[in-house]
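The structure appears right after this line, and notes come after that.
The values are calculated or read from the model by the stated rules, or taken from the named source; none is laboratory data. For clarity, every value in this text was computed on a predicted model and none was experimentally measured. Virtual Cβ from ideal backbone geometry, glycine too; neighbours counted across all protein chains shown. Surface accessibility is based on the protein's heavy atoms, side chains included, excluding ligands, DNA and RNA. Shrake-Rupley method; radii C 1.70, N 1.55, O 1.52, S 1.80 Å.
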Amino acid sequence: MNSPTQPKPTSAAPLQAPKGTRDFYPEEMRIQNHLFDVWRRACLDFGFEEYEGPTFEHLELFTEKSGQEIVTQLYNFKDKGDRDIALRPEMTPTLARMVNQKGNSLKLPLKWFSLPRLFRYEKAQRGRLREFFQLNMDIIGCEGVAGEVELLSAIIEMLKAFGLTSEDFSVQVSSRRLLSEFLDGQGVLPEKKNSVYAALDKRAKIGPDAFREILSKEGLSGANIDAIEAFFKCKSLEDLKPFLPATASTGLGELERLFAYMRDLGYAGFVNLDLSVVRGLAYYTGVVFEVYDKAVGLRAVAGGGRYDNLLASLGGIPQTGVGFGMGDVVLAELLKEKGLMPTGREPLDYYLVDVAPGEDKLPKPTLLQLAQRLRADGRRVGYALSGEKFKKQMTQANDQAAKRVLFFGSDKASGENYEIKDLSSGEQRVCGFDDL
């Protein structure tokens, strides 16, 4: 009888995962599941419902929202029907499309969350990959700052659930509406505002000279730019008032109510005014915020804000919206820095050690039946698949983080009684099945 043909060895190096992506071996998958579990539990605790959409969308969904320049950041292609398709780089456009499709049949306000896999063709670096997961929480149909308060509270509570404190992170809050009112006072034309927002969003990265040059090209005078620089140095709501119109400021009023809520809820130590938070996306209309670590110097852990015109701009009924995204890559980096990542695999309740394995090197049917009964009762159970010797079975029990070993076939127990050993205390005893 001929033996099976063996594959020929090759000198070629094994293929690697594409740049900017990750392999999730079991130890990495444990970390990922920990992130998802805490995220999902916090969302459910705040009364949010989970949703999901397609991994790829029509390209125009993203270009309508962000313009053609967004294409350079996308994985896009022609499908076999010659349609322009893109892997989703964010979830908000999909959310808007889904809500628009249902229209008035949805009962508002909606409180939805998702944990999508997203794709961006960007330079891979610490805290940023080309493929990543992101928690999205959004509220559709809520006017006023109650929606922002709900989301900021959820962010703070979920980060606390990971073990982080006010010493570890802060929520930096600003307002597009406030900034728009200020720019109105400086005589900036509406059609110039998005360009000014974009410059303000990257102000810290490009430096003061390049920042002033960009604003000059947009037609702002030196006095206007000086006023903007002074405005951005404000550290309190009181500091802002001299820069705003004499009439009541809607943006300032929203921030005053938001910070009052945060104080009442005991979150004052987590939330700060930071006018440098602008958010690069053009669809934000009101309060905007970003979450940063206080010591490690990572990218933003989360960011979002109010987008009251997005649904209408994508063909739907005018409707308010507020939401945020929190990426898994930066969050994992922060938790690692703080020593807050889970270690070790999920433990087994029982590892069944066959004290007299058969010569055929297969587990006994009666052992499998016992495992089946224990699993039916909600226990996690493992056993040797190849009839290993006693010592190796004990090693496997430890490797699989078993809490207890059940000695199957022990001469110290018979019938429905079993000898078990607690691997943490070393205690051994005999008990009936119901006691397992």
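General observations
- Where only DSSP H runs of four or more residues are counted, the chain gives -10500 deg cm²/dmol as its mean residue ellipticity at 222 nm, each run worth -39500 (n - 2.57).
- Computed over protein heavy atoms with a 1.4 Å probe, the carbon and sulfur contribution to the accessible area of the chain reaches 50%.
- Both radii were evaluated on the Cα set of region 155-304; the Rg over Rh quotient, with Rh as the Kirkwood radius, amounts to 0.98.
- With each label modelled as a point 7 angstrom along the Cα→C-beta vector, the ASP209-ARG380 pair spans 5.9 nm.
- Using the Cβ-Cβ distance between ASP84 and GLU27 with R0 = 35 Å, the FRET efficiency computed as 1/(1 + (r/R0)^6) comes to roughly 0.35.
- Region 368-414 shape via C-alpha gyration tensor axes, a/c threshold 1.5: oblate
- The peptide list 414-425, 170-181, put in order of mean Cβ contacts within 10 Å with the highest first, becomes 170-181, 414-425.
- Reciprocal of mean inverse Cα separation for region 286-436 (Kirkwood radius, Å): 19.9
- Simple label model, 7 Å out from Cα along Cβ direction - GLU416 to GLU191, nm: 8.5
- Region 277-349 and region 368-409: distance between their alpha carbon centers, rounded to Å: 42
- Averaged over its residues, the chain has an accessible area of 52 Å² per residue, based on protein heavy atoms and a 1.4 Å probe.
- Count of lysine pairs in region 71-207 with Cα separation under 19 Å (8 or more residues apart, or interchain): 5
- Computed over the chain with a Gaussian network model linking Cα atoms closer than 10 Å, the most mobile of GLY20, GLY382, GLY144 is GLY382.
- The angle separating the long axis of helix 222-231 from the principal Cα axis of greatest extent in the chain is about 40 degrees.
- GNM top mover of ASP411, ASP23, ASP37 - the chain, alpha-carbon springs below 10 Å: ASP411
- Among ARG83, ARG22, ARG263: highest mean-square fluctuation, GNM of the chain, C-alpha pairs under 10 Å: ARG83
- Rounded, prolate or oblate (a/c below 1.5 giving rounded, otherwise prolate when a/b exceeds b/c) for region 33-147 by Cα gyration tensor: oblate
- Rounded, prolate or oblate (a/c below 1.5 giving rounded, otherwise prolate when a/b exceeds b/c) for region 215-312 by Cα gyration tensor: rounded
- Packing-based ranking of 298-309, 267-278 yields 298-309, 267-278, ordered from highest to lowest mean Cβ neighbour count within 10 Å.
- Note: relative contact order over region 356-436, using C-alpha pairs below 8 Å and six or more positions apart, is 20 percent.
- Packing here is the average count of other Cβ atoms within 10 Å per residue, and on that basis the peptides 312-323, 187-198, highest first, run 312-323, 187-198.
- For region 390-436, relative contact order (Cα pairs under 8 Å, six or more residues apart, normalised by length) works out to 28 percent.
- Answer label, with Kirkwood radius over Cα pairs in Å calculated from the coordinates and candidates [x] 21.9; [y] 25.9; [z] 24.7: [y]
- Efficiency of FRET from Cβ geometry, ALA124 and LYS217, R₀ 25 Å, rounded to 0.05: 0.20
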